[in-house]
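There's a structure below that I have some questions on.
The values are calculated or read from the model by the stated rules, or taken from the named source; none is laboratory data. Quick caveat: nothing in here was measured; it's all calculated off a predicted structure. Here the Cβ is made from the backbone with ideal geometry for all residues, glycine too, and neighbour counts use every protein chain on show. For the accessible areas, the whole protein counts, side chains as well, though only heavy atoms, and no ligand, DNA or RNA atoms are used. Shrake-Rupley method; radii C 1.70, N 1.55, O 1.52, S 1.80 Å.
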Amino acid sequence: MEINKINLRAFSIDKDILVARDDAYPFFMGGNKARKMMRIIPEIQENNANAVVTTGGIQSNHCRVVALICAARGWGCKLILHGSHEKFLAEKGNALIMRLSDARIEFVRPNDIGPVMEMSMREFRKEGLNPYYLEGGCHNKAGVSAYIGAVHELKDSLPPGFIIDNIFLASGTGSTQAGIMAGCKEVGWLGTKIHGISIGRKKDTGIKGIRESLGFIYPDPERYFNDINFYDDFLFEGYGLSNQKLNNFVILVAKKTGLILDETYTGKAFWGMINLIEKKQLEGNNIFWHTGGLLNLMA
């Protein structure tokens, strides 16, 4: 795993932090969704599936990765998208890549996602294909397991005996944060605090998603994980929304550190990290887990 060190002096915090660079993950244009899908591909193959049905927004990193993997392997692909059809056709970034792929795309209201995914599964079966139902954001056991493995990879990339005190990340459906929490337990980092910065969900919903994700691995997750840190203070009004203040912040981070963030995921997470370090006076070895999202910046 690529790890960089940056200084936070430009943000009135005189300390260094490490950055775990999943934005540099080398498959299917990177990010945490690519890492998860590389773990899910064997499961798709074990089920003898040759098509995938999944869902996301019009700039979904997850849907971009699924579309590319299906194209590379000759699998059928159906993307159930929510959001503006007009914006999807006009924007670049992930939307452009989805349009360039051979994926079938259907737009629905959020409440209709489940029924339309089931209908799409039936349609593939009528065509003689064996489809795989993939939860949005890879919210399943394999997605969580991918980040248990990622923590092992992180530990192997650090000097022997190096302990992480705090990890900060953009947290959405909860599977990435759950995997990192479980991974820290596995490698013996029992004192490491995992700080999930919400990019769209309110606190109660976010914590529920993390507990559900932990349940894919542990039969009784609350026995092992009572303390879940999930912050909804830095939403900037909701998923996919931002303002000029956040835009200026993303530009400042690029100028002062060379780290490229986006306004949907990592920009909010980095903003939240700065605030939490300052407010809580967090010391020790801190890591910002860059989950990717560069194509959101290029929309």
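Evaluate 2.2 N^0.38 Å with N set to the residue count of the range 1-104, then give the Cα radius of gyration divided by it.
Normalised Rg, Cα atoms only: 1.32.
If you fit an axis through the alpha-carbon atoms of helix 141-157 and take the longest principal axis of the Cα set of the chain, what angle between them do you get, 0 to 90°, nearest 10?
Tilt relative to the chain: about 40 degrees.
Sort 37-43, 249-255 by packing, meaning the average of other beta carbons within 10 Å per residue, with the highest value first.
Most protected by this proxy first, the peptides run 37-43, 249-255.
Separate question: What dipole magnitude, in Debye to the nearest 20, does the range 1-96 give about its Cα centre under +1 on Lys/Arg Cβ and -1 on Asp/Glu Cβ?
20
Ok, one more. Report, please, the projected area of the range 27-77 averaged over directions, based on the convex hull of its C-alpha atoms, in nm².
Mean projected area of the Cα convex hull: 3.3 nm².
To continue, here is another question. Kindly rank 230-241, 106-117, 13-24 from highest to lowest mean number of other beta carbons found within 10 Å of each residue.
Listed from highest to lowest mean packing, they are 13-24, 230-241, 106-117.
Per residue of the chain, what 222 nm ellipticity follows from adding -39500 (n - 2.57) for every DSSP H run with n ≥ 4, rounded to the nearest 500?
Helices in the chain give a 222 nm mean residue ellipticity of -14000 deg cm²/dmol.
For the range 52-175, take the convex hull of the Cα atoms, compute a quarter of its surface area, and give me that in nm², please.
Projected over every direction and averaged, the Cα hull of the range 52-175 covers 9.4 nm².
Let me ask something else about it. Take every Cα-Cα distance within the range 182-222, group them into 10 Å bins from 0 onward, and report for each bin the whole-number percent of pairs it holds.
All Cα pairs considered, the percentages come to 26, 49, 25, 0.
Amide H of C77: which non-local residues (sequence gap of 5 or more, or other chain) have their own amide H closer than 5 Å, using H built in the peptide plane?
Under 5 Å from the amide H of C77 lie the amide H atoms of V52, R104, each far enough along the sequence or on another chain.
Can I ask one more? Scan around F288 for amide H atoms under 5 Å from its own, H built in the peptide plane at 1.01 Å from N, and keep only partners 5 or more places away or cross-chain.
L18, V19, A20, F168
Considering all projection directions equally, how large on average is the shadow of the alpha-carbon convex hull of the range 102-182, in square nanometres?
If I average the Cα hull's projected area over directions, I get 7.9 nm².
Mind ordering 289-295, 242-248 by average Cβ neighbours within 10 Å, highest first?
Ranking the peptides 289-295, 242-248 by packing returns 289-295, 242-248.
Taking the chain as the reference, fit the longest principal axis to its C-alpha atoms, fit the long axis of helix 244-257 to the helix C-alpha atoms, and give the angle between the two in degrees, 0 to 90, nearest 10.
60
Using only Cα atoms, tell me the angle between helix 203-214 and the longest principal axis of the chain; keep it within 0 to 90° and round to the nearest 10.
With both axes taken from Cα atoms, the answer is about 70 degrees.
Of all alpha-carbon pairs in the range 168-299, indicate the percentage at a distance above 23 angstrom.
Tail of the P(r) past 23 Å holds 32 percent of the pairs.
Another question, if that's okay. Short version: ³J(HN,Hα) in whole Hz for each residue of the range 262-267, in order, from phi by Karplus 6.51 cos²θ - 1.76 cosθ + 1.60 (θ = phi - 60°), x for Gly and Pro, what are they?
Coupling constants for the range 262-267: 10, 8, 8, 10, 6, x Hz.
A follow-up question, please. Kirkwood Rh over Cα pairs of the range 102-253 into Stokes-Einstein at 20 °C, 1.002 mPa s: D in µm²/s?
121
Would you be so kind as to identify which of Q59, A150, M117 lies farthest towards the positive end of the dipole of the range 58-169, taking Lys and Arg as +1 and Asp and Glu as -1 on Cβ and the Cα centre as origin?
M117
Would you tell me the accessible area of S101, worked out with a 1.4 angstrom probe on the heavy atoms of the protein chains, in Å² to the nearest 10?
Using a 1.4 Å probe on the heavy atoms, I get roughly 20 Å².
Along each of the three principal axes of the Cα atoms of the range 201-240, give the extent in whole Å, ordering the values from largest to smallest.
35, 17, 11
Write out the cysteines belonging to the chain for which the nearest other cysteine Cβ is not under 4.7 Å, or none if no such cysteine exists.
When partners are defined as cysteine Cβ atoms under 4.7 Å apart, the chain leaves C63, C138, C184 without one.
Given charges of +1 on the Cβ of Lys and Arg and -1 on the Cβ of Asp and Glu, with all other atoms neutral, how large is the dipole of the range 62-169 about its Cα centre, in debye to the nearest 20?
280
Can you give the alpha-carbon Rg of the chain over 2.2 N^0.38 Å, where N counts its residues?
0.98
Using unit Cβ charges (K, R positive; D, E negative) and no other charged atoms, how large, in debye to the nearest 20, is the dipole of the chain about its Cα centre?
I would put it at about 280 debye.
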